[in-house]
Amino acid sequence: YTSAPTHFWNFRVDQTVNASSSIQDSISGVNGTFNTTKTLTSSLGYSNSSSSTEMVSVDSMTVQGTFSVEYYGQFSGVNTVGTCAWFFLARRDSNHTNRLVQLKMTSGGLLTMHTPEATNGETIATSSLTNNEDHHLLCVCNNDDLTFKLYVDGSLFMEDTFTTARETDTFDSLTLFNTSGGTRAMYVNAYQVRMWNGIALTASEVSTIYTN
């Protein structure tokens, strides 16, 4: 048995989405709004290999302290403008205590996971992933055992611990494929992003999701 996701943004469709228009999460109906016109395809999904400003802004939603989030797709290159995000969970009022979660890539092509409440603050991978290859990333924030884990292709890639439990809150700055400021886009061919809100997937579930 694998826990069912609560949100699913599917970018692998043949569709042009105009600037300020949205695609809808097919499970819970939460919109992701594009800031530029994008042509999605059933092969590469949402593609960006050159722009630092493209982003998808998700409607305000309540995210539990415990959650899991998945990225499935490719990294089409490394944006050397700085550390760029594929998942950026924040609040517009900057009240980030026990809240902020950033899943990013450095200008050197190394994946990172960051929250001020993590013991290390930011954990940076020791090896990079190959560009233009399919990869499955799944991050698990677990308030029960205070662990912060990133799995890549079904296996634990890096982990940290929280010094305190994360807050359940309504986030009005959930951004995909960029930071909230919209100046550090990650270069991606993004097939899909899913969330399990309130659910910490187990290692066995992560492995099953990757295999299937």
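So, R0 is 25 Å and r is the distance between the beta-carbons of THR62 and ASN132; what FRET efficiency does that work out to, to 0.05? Result of the calculation: an efficiency of 0.10. Taking the square roots of 5 times each eigenvalue of the Cα gyration tensor of the range 101-153, largest first, gives ellipsoid semi-axes of 21, 14, 8 Å. Could you work out the percent of alpha carbon pairs in the chain separated by over 22 Å, rounded to a whole number? That tail contains 44 percent of the Cα-Cα pairs. When peptides 39-49, 178-188, 89-99 are ranked by their average number of other Cβ atoms within 10 Å per residue, the highest-first order is 178-188, 39-49, 89-99. Per residue, the solvent-accessible area of the range 1-138 (1.4 Å probe, heavy atoms of protein chains only, all protein chains present) comes to 42 Å². Taking amide H positions as modeled 1.01 Å from N, with prolines and chain starts lacking one, the residues under 5 Å from SER173 and 5 or more places away or on another chain are ALA90, ARG92. Give the shape of the range 160-212 as rounded, prolate or oblate, defined through the alpha-carbon gyration tensor: a ≥ b ≥ c are the square roots of its eigenvalues, a/c under 1.5 means rounded, and otherwise the shape is prolate if a/b is larger than b/c and oblate if not. Since a/c reaches 1.5 but b/c is at least a/b, the shape of the range 160-212 is classed as oblate.
Shown for the chain: the carbon plus sulfur share of the solvent-accessible area, taken with all protein chains present and a 1.4 angstrom probe, equals 42%.
Considering only alpha-carbon pairs that sit under 8 angstrom and 6 or more positions apart, the relative contact order computed for the range 1-116 is 16 percent. Ligands, DNA and RNA are left out, and with a 1.4 angstrom probe the accessible area of the range 152-212 is 38 Å² per residue.
Once you charge only the Cβ atoms, +1 for Lys and Arg and -1 for Asp and Glu, what is the size of the charge dipole of the range 68-211 about its Cα centre, to the nearest 20 debye? The dipole of the range 68-211 has a size of about 380 debye. Please work out the ratio of the alpha-carbon Rg of the range 1-108 to 2.2 N^0.38 Å and round it to two decimals. Expressed relative to 2.2 N^0.38 Å, the Cα Rg reads 1.13. So if the hydrodynamic radius of the range 114-199 is defined as the Kirkwood radius over C-alpha pairs, what does Stokes-Einstein give as its diffusion coefficient at 37 °C and 0.692 mPa s, in µm² per second? In µm²/s, the coefficient is 222. In the range 57-139, one over the average inverse separation of all distinct C-alpha pairs is 14.0 Å, which is the Kirkwood hydrodynamic radius. Long-range amide H contacts for VAL30: which residues qualify at under 5 Å (H placed 1.01 Å from N, peptide plane, sequence gap of 5 or more or a different chain)? The answer is ASP25. Taking the Cβ-Cβ separation of ALA203 and ALA4 as r and a Förster radius of 25 Å, what is the calculated FRET efficiency to the nearest 0.05? Using R0 = 25 Å, I get an efficiency of 0.90.
The values are calculated or read from the model by the stated rules, or taken from the named source; none is laboratory data. Note that the structure is predicted; figures quoted are calculated from it, not measured. Quick reminder, even Gly has a Cβ in these numbers, built from the backbone with ideal geometry, and neighbours come from all protein chains shown. Note: areas computed on protein heavy atoms with side chains; ligands, DNA, RNA excluded. Shrake-Rupley method; radii C 1.70, N 1.55, O 1.52, S 1.80 Å.
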